[in-house]
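**Q** Attaching a single structure in structure tokens format; questions to follow.
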Amino acid sequence: MKLLLLEDELILQESIEEFLIAKGYSVDSFDNSNDAFNAIFSKNYDLLLLDVNVPGEWDGFALRKELANENKNIPTIFVTSMSSADAMLRGYATGCCDYIKKPFDLVELLLRVQHALKANCFKTDNDNIELCEDYFYNTLNYTLIHKGKEVPLSKTEKEILQLFVIHKNQIVSLDMLYEDIWENNIEATNARVQINNLRRKLPKDLITNIYGLGYRFDS
């Protein structure tokens with residue numbers, strides 16, 4: 001498998017490159033988006049690892065969009081220090097497979113790379129993230145769309161869905177849910193009721209209960 005790494009922190013770039021090469025991957029590394037863009041059109045890559053704030057004509061988000069405009073739909077993972085919910089949703093709206101916040105463990109990166117190479121990425125339609133067939137999440141107004149129509153969600157259901165979309169294919173712990181959604185001011189039974197209310201508005205098994213740990217939003 002051939003990977004492209006765009007990372008302008010040279011020490012981190014070298015660490016990632018050496019680690020992935022040791023795991024059997026071929027890696028081309030770049031520290032600016034112009035060189036990365038040119039390489040993508042001269043070689044065939046199986047996966048892109050893109051930092052966001054990098055030198056060059058495009059940042060990581062803009063580079064991913066430019067590639068999509070040129071019909072270069074290569075699985076992409078953003079690796080960045082931008083950790084806000086809005087930044088993560090912008091990343092997913094470009095059609096990325098995953099979004100990793102710095103700092104991170106290299107073993108975690110490896111697992112994300114392996115998953116991205118096996119799984120189908122989110123497809124996008126303008127500002128809509130495709131969750132599954134006929135279901136989209138709009139990143140501008142944080143709404144759930146089914147066959148072109150908005151699915152009515154309560155304020156809490158919207159907040160839960162946003163948290164799941166941001167952490168797609170990852171376990172969202174019960175502690176994370178209690179703290180982020182209810183500021184730890186809710187009984188566990190009531191929290192489960194509200195989560196199950198959201199699950200009933202989505203296709204079966206899109207949200208999986210991971211016993212004793214929390215939930216995972218699979219796509």
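**Q** Suppose the filter is among the acidic types (Asp, Glu) and under 12 Å from the mean Cα position of the chain (by Cα); does Asp59 pass it? Give the steps one after another, and end with the answer.
**A** Working: among the acidic types (Asp, Glu): yes; under 12 Å from the mean Cα position of the chain (by Cα): no.
Against the criterion (among the acidic types (Asp, Glu) and under 12 Å from the mean Cα position of the chain (by Cα)), Asp59 does not qualify.
**Q** Got a sec? Which of Gly91, Gly95 is in a helix (DSSP H, G or I), open to solvent by less than 10 Å² (accessible area, probe 1.4 Å) and among the small types (Gly, Ala, Ser)?
**A** Details: Gly95 fails: in a helix (DSSP H, G or I).
Among Gly91, Gly95, only Gly91 is in a helix (DSSP H, G or I), open to solvent by less than 10 Å² (accessible area, probe 1.4 Å) and among the small types (Gly, Ala, Ser).
**Q** Could you count how many residues in the stretch 137-154 are aromatic (Phe, Trp, Tyr) and open to solvent by 60 Å² or more (accessible area, probe 1.4 Å)?
**A** Start the filter on the stretch 137-154 by keeping residues that are aromatic (Phe, Trp, Tyr), which leaves 137, 142.
Checking which are open to solvent by 60 Å² or more (accessible area, probe 1.4 Å) leaves us with 142.
The number of residues fulfilling the criteria is 1.
**Q** Among what's in the stretch 24-50 and is exposed (fewer than 15 other Cβ atoms within 10 Å of the Cβ) and touching a residue at least 40 places away in the same chain (Cβ under 8 Å), pick the residue that is nearest to the chain's Cα centre (by Cα).
**A** Here the answer is Asn44.
**Q** Now, a different point. Tally time: how many residues in the stretch 57-83 are open to solvent by 60 Å² or more (accessible area, probe 1.4 Å) and of a type outside the set (Lys, Arg)? Step through it out loud before you land on a result.
**A** To start, the set of residues in the stretch 57-83 that are open to solvent by 60 Å² or more (accessible area, probe 1.4 Å) comprises 57, 65, 69-71, 73, 81, 83.
Now narrow it down to the ones that are of a type outside the set (Lys, Arg): 57, 69-71, 73, 81, 83.
So the count comes out to 7.
**Q** Exactly one of (1) closer than 30 Å to Glu14 by Cα; (2) part of a helix (DSSP H, G or I); (3) in contact with an Asp or Glu (Cβ under 9 Å, 6 or more places away or on another chain) is unmet by Glu108. Its number?
**A** Only one criterion is unmet by Glu108, namely (3).
**Q** Now for a separate question. If I filter the stretch 155-203 down to residues being open to solvent by less than 50 Å² (accessible area, probe 1.4 Å) and assigned to a loop (DSSP other than H, G, I, E, B), which single residue comes out as farthest from Glu133 (Cα to Cα)?
**A** Ile186
**Q** Give the stretch 173-214 a look and list any residue that's of a type in the set (Gly, Ala, Ser) and touching a strand residue (DSSP E or B) at 6+ places or on another chain (Cβ under 6 Å), or say none.
**A** Start the filter on the stretch 173-214 by keeping residues that are of a type in the set (Gly, Ala, Ser), which leaves 173, 188, 191, 212, 214.
Ser173, Gly214 - these are the residues of the stretch 173-214 that are of a type in the set (Gly, Ala, Ser) and touching a strand residue (DSSP E or B) at 6+ places or on another chain (Cβ under 6 Å).
**Q** Moving on to the next point. Please identify the pairs in which a residue from the stretch 129-156 that is farther than 27 Å from Arg192 by Cβ has its Cβ atom under 7 Å from the Cβ atom of a residue that is polar (S, T, N, Q), counting only partners at least 6 apart or on another chain.
**A** Filtered contacts from the stretch 129-156: Glu130/Thr124.
**Q** Moving on. Which numbered condition in (1) touching a Lys or Arg at 6+ places or on another chain (Cβ under 7 Å); (2) closer than 21 Å to Glu108 by Cα; (3) surrounded by 15 or more Cβ atoms within 10 Å (Cβ to Cβ) is the only one that Ile207 fails?
**A** So Ile207 meets the others, but not (2).
**Q** Can you pull out every residue in the stretch 137-155 that is in contact with a helix residue (DSSP H, G or I) (Cβ under 7 Å, 6 or more places away or on another chain), farther than 22 Å from Asp205 by Cβ and either of a type outside the set (S, T, N, Q) or modelled with pLDDT of 90 or more (or both)?
**A** Passing the criteria: only Tyr142.
The values are calculated or read from the model by the stated rules, or taken from the named source; none is laboratory data. Computed from a predicted structure; not experimentally measured. Cβ atoms come from the backbone with ideal geometry, glycine included; neighbour counts cover every protein chain shown. In case anyone asks, the SASA skips ligands and DNA or RNA and just uses the protein heavy atoms, side chains included. Shrake-Rupley method; radii C 1.70, N 1.55, O 1.52, S 1.80 Å.
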